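Student: Let me begin by handing over the structure; questions about it come next.
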Amino acid sequence: MSGSYEALYQAWVADMEAFWGERVPMLDWSRAPSRMLDADKPPFYRWFPDGELNTCHNCLDRHVEAGHADRPALIYDSPVTGTQQTFTFAELLDCAARAAGAFRDLGVDRGDRVLIYMPMIPEAVIAMLACARIGAIHSVVFGGFAAPELASRIDDATPKLVVAGSCGIEPNRVVAYKPMLDQALELADHAPAHCLIKQREASPASMIDGRDLDWDRALAAADRAECVTVSAVDPLYILYTSGTTGDPKGIVRDQGGHAVALANSMAMTYGLRPGEVFWAASDVGWVVGHSYIVYAPLLHGCATILYEGKPVGTPDAGAFWRVISQHNVSVLFTAPTAFRAIRRADPEAKLLQAYDLDSFRALFLAGERADPDTVRWAEKVLGVPVFDHWWQTETGWSITGYFAGTQGFSVRPGSAGKPAPGYALEVLDDDGQAVPAGEIGALAARLPMPPGFSPTLWGNQERFRKVYLDAFPGYYSTADAGMIDEDGYVWVMARTDDIINCAGHRLSTGAMEEVLTQHADVAECAVVGVHDRLKGQVPIGLLVLNAGVTRESEAIAAETVQMVRDAIGAVASFRTAAVVQQLPKTRSGKILRNVIAAIADGRTPKVPPTIEDPSVLDGIKSALGAVGFPHE
Ligand code: COA
Ligand code: AMP
């Protein structure tokens with residue numbers, strides 16, 4: 001792919017079905033689609049409705065059959081255990097086929113759900129591919145979530161099988177996953193038939209007879225399962241993401257559209273050639289990990305890195321440079337927070353001098369807005385282009401970008417680039433009218449959405465319609481606010497709902513409020529995202545206590561911090577709560593969360609004239625001041 005971005009985008013504008021139809025041959029199909037888009041039931045659309053294929057075949061078997069059996073497919077690099085292991089395409093195929101056989105032996109069939117709760121170990125990738133192989137639907141849950149979050153996903157997905165690691169390894173501690181799973185299964189109404197446990201030396205798990213089975217033993221005893229043919233519109237996976245309430249949203253990804261979109265993106269967006277090494281430094285529990293640690297690189301015949309470590313502390317801020325250099329990485333994809341962490345530890349990137357980064361061509365950032373300062377620093381120290389691109393779990397691949405595989409356009413730090421072919425983006429006002437270039441509004445994409453976009457929420461089409469399609473008829477409402485400038489660059493500035501992005505992780509402040517209100521002494525609360533130099537945003541909570549409570553405020557605040565950790569997980573990064581007399585509200589009773597966030601950030605709040613009692617703000621300022629906000 002070497003034409004201009006403009007020509008490519010215009011080709012999509014001219015005929016979107018022809019555009020995607022030309023990309024169908026990037027994959028092997030058992031039955032190639034005769035129809036590209038099913039637009040019979042707007043606002044719901046399906047891509048490649050009569051196509052049939054197998055995603056695992058396209059990730060593994062296809063490359064082996066094409067003579068690339070001995071090429072590296074998966075490179076596991078784990079500084080936390082001191083392990084490195086490379087799987088060729090043939091080896092990864094063997095593992096996936098055996099795991100698929102083991103799942104089958106446990107009664108897992110096409111359409112059954114398998115929940116995967118694993119750290120960044122090869123078995124996580126193998127389990128995902130094994131599900132794809134037999135047409136089972138995987139649902140990966142990030143290890144940083146606590147038992148109640150896991151339980152709610154188990155009840156929603158009703159898996160026949162749970163696959164888990166005995167523990168995860170964080171730099172400062174070993175996190176025992178299995179007790180968390182046991183607790184979740186006690187909380188959940190649904191009971192899976194079996195749990196398949198990968199025992200890890202750092203903390204082997206105790207097993208429950210009859211229910212729990214050992215991963216290694218089950219695979220050793222299993223026959224290899226072959227790929228089954230599935231419909232392009234069958235689900236490949238469910239990935240839960242934060243919504244505006246505590247109920248997680250099960251984003252469904254279908255088989256055919258996902259495979260076409262991801263295969264296409266490897267060359268178009270990232271400029272990769274088959275055989276090269278791609279590294280998404282994320283986690284398989286997030287969409288970036290699904291798409292760019294597992295599926296996209298393998299679909300494209302690239303090697304992918306599975307890194308079980310952090311940007312800093314495993315052992316130092318040179319870890320990313322070591323991995324790039326040691327494994328000849330061409331392209332790295334990570335969240336800006338990782339680069340802020342590296343920069344904080346090694347501002348002049350002195351550790352970089354020890355490594356040869358000759359293979360390295362480009363850095364891609366997403367998950368939160370890449371602040372211009374971080375982009376410029378990364379460009380300076382690495383000497384390669386740094387591209388921000390905008391993403392959502394719902395879309396599965398980037399909505400905007402700089403398109404390294406085209407003769408692109410120059411980077412504007414702070415902008416996430418221009419729309420990917422597939423997305424007709426507009427900025428709308430509250431009435432759904434397009435606003436002029438350069439003005440901020442709601443970012444929305446005209447329907448139909450491209451292949452790869454989630455067709456529904458698991459078991460809840462109505463919620464899907466309500467959350468995404470009702471706000472602006474004919475559009476997908478992204479829930480992000482931003483602008484498109486005169487030259488077509490997209491600037492994504494903030495969420496329009498209560499979602500925050502903390503260290504590249506998507507969190508719901510509404511879900512945290514639901515936890516805080518369960519505290520016996522708390523009458524009312526507000527959780528807001530405040531600026532954090534490392535993580536972008538962190539949540540803080542303000543608590544109004546019930547009348548007559550005489551216990552120490554600090555003790556109550558500390559209890560609420562622990563409650564969020566127990567109910568949602570360490571990943572929530574909820575470390576600060578403060579007691580206030582009253583929350584600032586409008587006369588109609590709406591809590592002014594933006595005003596609280598502005599005060600905590602040290603910005604001048606935009607106080608609406610409808611505020612019920614402006615004097616409440618003094619109490620908020622002093623309570624925030626007492627817990628260290630705003631930071632100097
Ligand atoms: N399993 C269990 N616990 C986990 C976990 C996992 N997979 N991932 C994180 N946690 C825990 C952490 O140990 C930490 O616990 P603590 O409160 O006891 O210290 C807590 O969750 C918060 O984690 P995090 O927000 O990641 O903060 P951190 O200080 O541990 O690390 C960074 C900060 C910036 C180094 C880290 O977030 C990072 O590497 N980010 C890279 C970007 C990324 O992965 N983005 C994902 C989407 S692209
Ligand atoms: P997730 O679904 O976890 O990928 O989070 C999606 C959200 O992260 C988006 O709705 C944005 O708010 C934010 N986000 C992701 N990438 C970017 C980016 N490049 N610039 C600004 N915000 C981003």
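The values are calculated or read from the model by the stated rules, or taken from the named source; none is laboratory data. Treat the numbers as computed from the prediction; the structure is a model and nothing was measured. Heads up, the Cβs are rebuilt from the backbone with ideal geometry, glycines too, and the neighbour counts pull from every protein chain shown. Heavy atoms of the whole protein, side chains included, go into the accessibility calculation; ligands, DNA and RNA do not. Shrake-Rupley method; radii C 1.70, N 1.55, O 1.52, S 1.80 Å.
Student: Determine whether segment 202-220 contains at least one residue that is in contact (Cβ under 8 Å) with a residue 40 or more places away in the chain, under 28 Å from K310 (Cβ atoms) and surrounded by fewer than 17 Cβ atoms within 10 Å (Cβ to Cβ).
Tutor: The answer is yes; a qualifying residue exists.
Yes/no matrix, rows are residues, columns are (1) in a loop (DSSP other than H, G, I, E, B); (2) open to solvent by 70 Å² or more (accessible area, probe 1.4 Å); (3) of a type outside the set (D, E):
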position: I305; (1), (2), (3): no, no, yes
position: T314; (1), (2), (3): yes, no, yes
position: V323; (1), (2), (3): no, no, yes
position: V331; (1), (2), (3): no, no, yes
position: T337; (1), (2), (3): no, no, yes
position: A341; (1), (2), (3): no, no, yes
position: R344; (1), (2), (3): no, yes, yes
position: L351; (1), (2), (3): no, no, yes
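Student: How many residues, within segment 17-60, are over 30 Å from A99 (Cα atoms) and in a strand (DSSP E or B)?
Tutor: 8
Student: Any residue that is out of contact with any strand residue (DSSP E or B) (no Cβ under 8 Å at 6 or more places or on another chain), open to solvent by 50 Å² or more (accessible area, probe 1.4 Å) and in the same structural domain as R153 (by TED's automatic domain parsing) - is there at least one of those in segment 433-449?
Tutor: Yes, segment 433-449 has at least one match.
Student: Looking only at segment 330-363, count every residue that is within 16 Å of ligand 1 (Cβ to nearest atom) and in contact with a Ser or Thr (Cβ under 8 Å, 6 or more places away or on another chain) and tell me the total.
Tutor: Of the residues in segment 330-363, 8 are within 16 Å of ligand 1 (Cβ to nearest atom) and in contact with a Ser or Thr (Cβ under 8 Å, 6 or more places away or on another chain).
Student: Output the residues belonging to segment 382-403 that are in a loop (DSSP other than H, G, I, E, B), buried (at least 20 other Cβ atoms within 10 Å of the Cβ) and more than 16 Å from ligand 1 (Cβ to nearest atom).
Tutor: Listed by number, the residues that qualify are Y402, F403.
Student: State whether one or more residues within segment 361-370 are open to solvent by 50 Å² or more (accessible area, probe 1.4 Å), within 16 Å of A281 (Cα to Cα) and either within 15 Å of ligand 2 (Cβ to nearest atom) or part of a helix (DSSP H, G or I) (or both). I'd like the intermediate steps shown before the answer.
Tutor: Just the residues of segment 361-370 that are open to solvent by 50 Å² or more (accessible area, probe 1.4 Å), to begin with: 361, 369.
This time we only want the ones that are within 16 Å of A281 (Cα to Cα), so: 361.
Adding the requirement that they be either within 15 Å of ligand 2 (Cβ to nearest atom) or part of a helix (DSSP H, G or I) (or both) leaves none.
Checked against the condition, which is being open to solvent by 50 Å² or more (accessible area, probe 1.4 Å), within 16 Å of A281 (Cα to Cα) and either within 15 Å of ligand 2 (Cβ to nearest atom) or part of a helix (DSSP H, G or I) (or both), segment 361-370 yields no hits at all.
Student: Please indicate, with yes or no, whether at least one residue in segment 86-104 is touching a residue at least 12 places away in the same chain (Cβ under 8 Å), hydrophobic (A, V, I, L, M, F, W, C), buried (at least 24 other Cβ atoms within 10 Å of the Cβ) and not in a helix (DSSP H, G or I).
Tutor: Looking through segment 86-104, none of the residues is touching a residue at least 12 places away in the same chain (Cβ under 8 Å), hydrophobic (A, V, I, L, M, F, W, C), buried (at least 24 other Cβ atoms within 10 Å of the Cβ) and not in a helix (DSSP H, G or I).
Student: While we're on this one: Would you call D182 open to solvent by 10 Å² or more (accessible area, probe 1.4 Å), touching a strand residue (DSSP E or B) at 6+ places or on another chain (Cβ under 8 Å) and not aliphatic (A, V, I, L, M)?
Tutor: On the way: open to solvent by 10 Å² or more (accessible area, probe 1.4 Å): yes; touching a strand residue (DSSP E or B) at 6+ places or on another chain (Cβ under 8 Å): no; not aliphatic (A, V, I, L, M): yes.
Taking the combined requirement at face value, the residue does not satisfy it.
Student: Only one of V331, V375, V384 is more than 15 Å from ligand 2 (Cβ to nearest atom) and under 21 Å from the mean Cα position of the chain (by Cα); which?
Tutor: Details: V375 fails: more than 15 Å from ligand 2 (Cβ to nearest atom); V384 fails: under 21 Å from the mean Cα position of the chain (by Cα).
Exactly one residue qualifies, and that residue is V331.
Student: Something else about it: Inspect all residues belonging to segment 416-426 and state whether any of them is among the aromatic types (F, W, Y) and assigned by TED's automatic domain parsing to the domain that holds L262.
Tutor: Step one: list which residues in segment 416-426 are among the aromatic types (F, W, Y), which gives 423.
Filter once more, keeping what is assigned by TED's automatic domain parsing to the domain that holds L262: 423.
Scanning segment 416-426 turns up at least one residue that is among the aromatic types (F, W, Y) and assigned by TED's automatic domain parsing to the domain that holds L262.
Student: In segment 484-532, which residues are among the charged types (D, E, K, R) and more than 16 Å from ligand 1 (Cβ to nearest atom)? Give the derivation first.
Tutor: Narrowing segment 484-532 to residues among the charged types (D, E, K, R): 485-487, 495, 497-498, 506, 513-514, 521, 524, 532.
Of everything in segment 484-532, those that are among the charged types (D, E, K, R) and more than 16 Å from ligand 1 (Cβ to nearest atom) turn out to be D485, E486, D487, D497, D498, E513, E514, D521, E524.
Student: Look through segment 404-418, keep the residues that are of a type outside the set (S, T, N, Q) and open to solvent by less than 20 Å² (accessible area, probe 1.4 Å), and return whichever of them is nearest to ligand 2 (Cβ to nearest atom).
Tutor: We begin by selecting, within segment 404-418, every residue of a type outside the set (S, T, N, Q); these are 404-405, 408-409, 411-414, 416-418.
Subsequent filtering for residues that are open to solvent by less than 20 Å² (accessible area, probe 1.4 Å) retains 405, 414, 416-417.
On the way: G405: 18, G414: 9, A416: 4, G417: 9 Å.
In this case the residue turns out to be A416.
Student: So which of G510, G541 is outside any strand (DSSP E or B) and open to solvent by less than 40 Å² (accessible area, probe 1.4 Å)?
Tutor: On the way: G541 fails: outside any strand (DSSP E or B).
The match here is G510.
Student: Which residues, counting only those in segment 589-620, are within 34 Å of the chain's Cα centre (by Cα) and among the charged types (D, E, K, R)?
Tutor: Selection gives K590, R593, D601, R603, K606.
Student: Just for segment 269-293: of the residues that are crowded, with 24+ Cβ neighbours inside 10 Å and more than 15 Å from ligand 2 (Cβ to nearest atom), which one is nearest to T241 (Cα to Cα)?
Tutor: The selected residue is W279.
Student: Okay, next question. Which one is nearest to H531 (Cα to Cα), of the residues in segment 483-507 that are near ligand 2 (Cβ under 8 Å from one of its atoms) and assigned to a strand (DSSP E or B)?
Tutor: Residue satisfying both the conditions and the ranking: N501.
Student: Could you please find all residues in segment 200-257 being part of a helix (DSSP H, G or I) and either out of contact with any Lys or Arg (no Cβ under 9 Å at 6 or more places or on another chain) or not charged (D, E, K, R) (or both)? Step through it out loud before you land on a result.
Tutor: Of the residues in segment 200-257, the ones part of a helix (DSSP H, G or I) are 215-221, 255-257.
If the condition is that a residue be part of a helix (DSSP H, G or I) and either out of contact with any Lys or Arg (no Cβ under 9 Å at 6 or more places or on another chain) or not charged (D, E, K, R) (or both), then W215, R217, A218, L219, A220, A221, Q255, G256, G257 are the ones that fit.
Student: Residues being open to solvent by less than 20 Å² (accessible area, probe 1.4 Å), outside any strand (DSSP E or B) and touching a residue at least 60 places away in the same chain (Cβ under 8 Å): count how many of those fall in segment 566-585. Quick ask: steps written out before the conclusion?
Tutor: Quick first cut of segment 566-585, residues open to solvent by less than 20 Å² (accessible area, probe 1.4 Å) only: 568-569, 571-574, 577-578, 580, 583-584.
The next check asks that each one be outside any strand (DSSP E or B); those that pass are 568-569, 571-574, 583-584.
Pick out the ones that are also touching a residue at least 60 places away in the same chain (Cβ under 8 Å) and you get 568-569, 571-574.
Total meeting the criteria: 6.
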